[in-house]
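The values are calculated or read from the model by the stated rules, or taken from the named source; none is laboratory data. Because the structure is predicted, anything quoted here is derived from the model rather than measured. Glycine also receives a Cβ, built like all others from the backbone with ideal geometry; neighbour counts cover every protein chain displayed.
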Amino acid sequence: MRFGKLLMVMAMSIFYSWSAIAQSAVDVMPLPQEVKLNNGKYRLTSDLKLSVNGANEHLAAASGRFLRALDARTGLWFPQHFIETNTTDAAFPMQVSMGRAGKLELGEDESYSITITPEQIQVKAATDFGAMHAYATLLQLVESDGEGYYFPTMTIEDAPRFPWRGLMIDVARHFLPVDVIKRNLDGMAFVKMNVMHFHLSDNQGWRIESKKFPELTEKGSDGEFYTQAEIKDIVAYAAARGIRVMPEFDVPGHATAILAAFPEFGSDPSITEYQREVNAGIFDPTLDPTNEDLYPFLEELFGEMAALFPDAYFHIGGDENEGHHWTANADIQAFMKEHELKDNHELQAYFNVKVQAILEKNGKKMMGWEEIMEPAIPTTAVIHSWRGENEQMAPGESLVEAVQKGYPTVLSNGFYIDLLWKAEDHYLNRVMPLQLTKQEEKDLILGGEATMWSELVTPVTVDSRIWPRTAAIAERLWSATEVRDVRDMYRRLEIVSNQLEIVGLQHVKGREGIVRLLSGYGDTQPLWNLINVAAPLKNYTRNPGGTMYNSYFSFQKFADACVADAPDALAFRYLVEDYQAGKQGNAAEIQKYLELWKSNDAALQLVIEKNPVLKEVSDLSQRLAAVAQVGLDAMDKNVKKNGSWKKAAVQTLVAAREQGGRCELQVVDQIAALAGLEKKLSAAE
């Protein structure tokens with residue numbers, strides 16, 4: 001992502017609330033709603049001190065974190081360690097004012113304003129949450145020149161577009177320790193996300209201590225789970241950053257880990273012992289809704305769990321229940337007939353109504369994946385929309401259906417970051433479908449969640465699968481709908497990616513460790529040259545059938561070092577686009593990339609010889625060299641582009657599409673464009 005600034009602010013003062021110019025004016029994600037730029041600088045020195053008017057414990061701590069992060073960002077040392085309150089002394093040039101302590105609930109006021117002059121920084125917010133968002137914005141606004149670090153002078157008025165801006169983290173498939181969760185909470189706060197959806201149970205594991213039912217972790221966790229003290233610590237850590245934590249316990253399907261502890265609640269009477277799954281996929285074990293002993297168990301269990309999570313919402317999953325064990329069980333079928341339940345959907349609704357009553361008794365509102373949407377479910381439940389093209393449905397179809405039926409709704413379709421789509425795919429995802437015209441329906445769309453399912457991640461790799469792409473989703477959920485400039489998004493995303501390291505994320509560090517390991521702790525550059533143009537297979541194709549890997553796989557292979565937005569491929573894409581638009585000066589830079597890729601294979605093959613783990617990418621490296629030669633020939637006026645050359649070039653381009661190391665090259669389309677062979681390539685495929 002080798003981009004410089006796309007815009008130099010020339011005017012003395014520019015006011016905007018989202019035009020094409022505005023989208024390049026500040027290097028912040030999410031982009032604020034309104035900004036007024038001025039031609040000045042507030043110079044940062046170690047004399048900076050801040051005072052908070054109306055500070056509570058959370059904001060005082062956040063103010064300290066802000067100063068320490070500013071230390072790290074600038075190398076300056078700000079000696080202030082005690083946050084002053086209620087003072088307007090000129091010795092404190094940074095004044096922060098909040099109206100009241102925010103309530104950690106849906107719809108709370110998160111607005112803020114920032115005024116920066118050459119002499120002073122003023123932050124005003126209705127709540128401490130807004131003030132913390134202002135700190136995140138300020139950390140991203142820091143710039144430098146020959147004289148040192150500074151804030152550009154400006155005025156910002158900002159507030160979120162949607163009140164629900166979430167990240168779901170699945171810890172059932174692969175357990176993630178407390179420190180991993182905390183650093184991702186810090187990343188969320190940095191881009192103003194405010195809901196962590198904690199997926200705590202599934203077929204592969206039950207990940208939270210139950211003092212009433214210790215069998216759940218004894219038989220359903222393989223020893224990897226959070227104690228209740230750790231859960232309370234996570235919830236408090238999130239709350240201090242203005243983030244709600246909503247638990248999910250997936251029922252009645254995705255329940256193998258529960259049934260490993262309590263097989264008597266299963267729906268197949270022939271199974272007396274269940275084992276946790278270690279592969280990915282959809283499995284048949286399902287709770288039996290007709291077993292009346294199940295509900296007192298769930299009442300005890302969910303009551304215990306509800307007490308650990310203060311948030312008003314409690315997610316019950318409810319997805320992907322194919323009902324095979326229900327259909328095969330004669331007693332269940334007889335129950336359905338007796339209760340006039342015509343199919344498994346109505347049986348699940350019967351179950352969900354009972355679960356909702358349990359949650360209501362514990363002061364919770366039920367949320368579930370879109371499959372819970374049945375006529376029997378009251379519209380107090382929140383529908384979590386997730387299915388789309390991969391499930392042979394139109395994107396956003398269930399979201400529209402839900403709001404038209406009166407359900408509040410959260411969107412995750414299009415935000416499945418585990419599928420390794422490019423950031424732009426998530427960024428252009430519409431949270432508010434264009435076909436909705438009634439304001440009362442629009443108001444039911446609460447926002448969205450990025451979803452990090454953990455079949456293919458570990459504590460080492462999870463950060464690079466969440467970040468920095470989730471910052472683009474955070475902007476989609478915060479900023480104005482008109483903010484859709486993909487190129488500018490990528491420009492800022494690179495900047496924010498670097499800044500996210502300051503808050504402790506390891507999306508860069510983790511990949512670097514894998515590359516050193518794969519290279520035998522020798523020369524890593526040849527491998528990086530291939531990684532930087534390759535992306536992991538998308539959707540569910542890396543792990544066909546869910547059986548190529550299991551829960552114990554280390555996930556430190558070539559694909560785990562690659563990312564969805566291969567950086568050199570992205571830079572090459574824009575170079576080629578501009579070159580074809582008439583920017584001939586890009587030719588030398590394009591040729592430099594092509595020469596690098598052509599020559600890199602020889603160097604990488606030497607690395608592969610010493611490190612057999614890399615044999616899986618030997619052919620991929622050779623195909624990159626071959627397709628780079630096509631690009632060089634295309635730009636060489638001395639090479640005749642006759643029919644035989646075009647035929648051979650297309651064959652090379654087609655071959656370059658083949659995966660290697662469960663990854664694909666990301667420069668094939670651009671090289672085909674250089675050669676004028678896009679249509680022939682498409683026809684050949």
Checklist line | Flag if Asp619 is outside any loop (DSSP other than H, G, I, E, B) and of a type in the set (Asp, Glu) | finding: yes
Within region 117-133, of all residues that are under 20 Å from Phe92 (Cα atoms) and buried (at least 24 other Cβ atoms within 10 Å of the Cβ), the one nearest to the chain's Cα centre (by Cα) is Met132
From the option list Gly75, Gly54, Gly102, Gly40, single residue qualifying as in the same structural domain as Ser144 (by TED's automatic domain parsing), under 24 Å from Leu505 (Cα atoms) and not basic (Lys, Arg) is Gly75
Residue pairs within 8 Å by beta carbon, gap of at least six or interchain, first lying in region 483-508 and in a loop (DSSP other than H, G, I, E, B), second among the hydroxyl-bearing types (Ser, Thr, Tyr) and at pLDDT below 95, listed first then second, are Asp485/Ser24
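Would you pick out the residues in region 332-345 that are without any contact (Cβ under 8 Å) to a residue 60 or more places away in the chain and either assigned to a helix (DSSP H, G or I) or at positive phi (or both)?
Taking region 332-345 and keeping what is without any contact (Cβ under 8 Å) to a residue 60 or more places away in the chain, we get 333-345.
Matches in region 332-345: Gln333, Ala334, Phe335, Met336, Lys337, Glu338, Glu340, Asn344, His345.
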Selection from region 162-186 of residues in contact with a Gly (Cβ under 9 Å, 6 or more places away or on another chain), aliphatic (A, V, I, L, M) and outside any strand (DSSP E or B) yields Val171, Ala172
The condition from (1) in contact with a Phe, Trp or Tyr (Cβ under 9 Å, 6 or more places away or on another chain); (2) under 28 Å from Glu147 (Cα atoms); (3) not in a helix (DSSP H, G or I) that Gly102 misses is numbered (2)
Filtering region 98-110 down to residues that are surrounded by fewer than 19 Cβ atoms within 10 Å (Cβ to Cβ) and touching a Ser or Thr at 6+ places or on another chain (Cβ under 9 Å) yields Gly99, Arg100, Ala101, Lys103, Glu108, Asp109
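Return yes when Gly266 is in contact with a helix residue (DSSP H, G or I) (Cβ under 9 Å, 6 or more places away or on another chain), modelled with pLDDT of 95 or more and more than 24 Å from His197 (Cβ to Cβ) and no when it is not.
For Gly266, the condition - in contact with a helix residue (DSSP H, G or I) (Cβ under 9 Å, 6 or more places away or on another chain), modelled with pLDDT of 95 or more and more than 24 Å from His197 (Cβ to Cβ) - is met.
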By residue number, the members of region 416-441 that are over 25 Å from Leu537 (Cα atoms) and among the charged types (D, E, K, R) are Lys438, Glu440, Glu441
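Matching residues to (1) loosely packed, with under 15 Cβ neighbours inside 10 Å; (2) under 29 Å from the mean Cα position of the chain (by Cα):
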residue: Pro378; (1), (2): yes, no
residue: Glu389; (1), (2): yes, yes
residue: Gln404; (1), (2): yes, yes
residue: Leu420; (1), (2): no, yes
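Of everything in region 209-223, what is among the charged types (D, E, K, R) and not in a loop (DSSP other than H, G, I, E, B)? Give them in sequence order.
Taking region 209-223 and keeping what is among the charged types (D, E, K, R), we get 209, 211-212, 215, 218-219, 222.
Scanning region 209-223 gives Glu215, Glu218, Lys219.
Any idea which of Ile502, Ile531, Ile495, Ile514 is at negative phi, at pLDDT below 95 and of a type in the set (A, V, I, L, M, F, W, C)?
None of the others qualify; the one that does is Ile502.
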Matching residues in region 187-206 (among the small types (Gly, Ala, Ser) and part of a strand (DSSP E or B)) number 2
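Does Leu527 satisfy being within 30 Å of Arg65 (Cα to Cα) and either outside the structural domain of Tyr574 (by TED's automatic domain parsing) or not β-branched (Val, Ile, Thr) (or both)? Break it down stepwise before answering.
On the way: within 30 Å of Arg65 (Cα to Cα): no; either outside the structural domain of Tyr574 (by TED's automatic domain parsing) or not β-branched (Val, Ile, Thr) (or both): yes.
It is false that Leu527 is within 30 Å of Arg65 (Cα to Cα) and either outside the structural domain of Tyr574 (by TED's automatic domain parsing) or not β-branched (Val, Ile, Thr) (or both).
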**Asked** Among the residues of region 17-29, is any surrounded by fewer than 16 Cβ atoms within 10 Å (Cβ to Cβ), part of a helix (DSSP H, G or I), out of contact with any Pro (no Cβ under 7 Å at 6 or more places or on another chain) and at pLDDT below 95?
**Response** no
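Would it be correct to say that Leu594 is modelled with pLDDT of 95 or more, in a helix (DSSP H, G or I), over 19 Å from Gly660 (Cα atoms) and not β-branched (Val, Ile, Thr)? Quick ask: steps written out before the conclusion?
Working: modelled with pLDDT of 95 or more: yes; in a helix (DSSP H, G or I): yes; over 19 Å from Gly660 (Cα atoms): yes; not β-branched (Val, Ile, Thr): yes.
When the stated conditions are applied, Leu594 passes them.
A quick yes/no check of all residues on (1) closer than 19 Å to Pro285 by Cα; (2) surrounded by fewer than 24 Cβ atoms within 10 Å (Cβ to Cβ):
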position	(1), (2)
Val195	no, no
Ser201	yes, no
Gln204	yes, no
Lys211	no, yes
Lys219	yes, yes
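Residue by residue through region 297-331, note down the ones that are of a type in the set (Ser, Thr, Tyr) and in contact (Cβ under 8 Å) with a residue 40 or more places away in the chain. Let's see the steps before the verdict.
Pass one, region 297-331, residues of a type in the set (Ser, Thr, Tyr): 313, 327.
Hit for region 297-331 is Tyr313, nothing else.
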Of the listed residues (Ser63, Ser97, Ser51), the one being in contact (Cβ under 8 Å) with a residue 40 or more places away in the chain, under 25 Å from Val496 (Cα atoms) and not hydrophobic (A, V, I, L, M, F, W, C) is Ser63
Checked region 418-452 for anything of a type in the set (D, E, K, R) and without any contact (Cβ under 8 Å) to a residue 12 or more places away in the chain; matches are Asp425, Lys438, Glu440, Asp443
Within region 602-643, restricting to residues that are surrounded by 13 or more Cβ atoms within 10 Å (Cβ to Cβ) and polar (S, T, N, Q), the one that is nearest to the chain's Cα centre (by Cα) is Ser621
When region 442-460 is checked residue by residue, the ones that are closer than 18 Å to Ser412 by Cα and surrounded by fewer than 20 Cβ atoms within 10 Å (Cβ to Cβ) are Lys442, Asp443
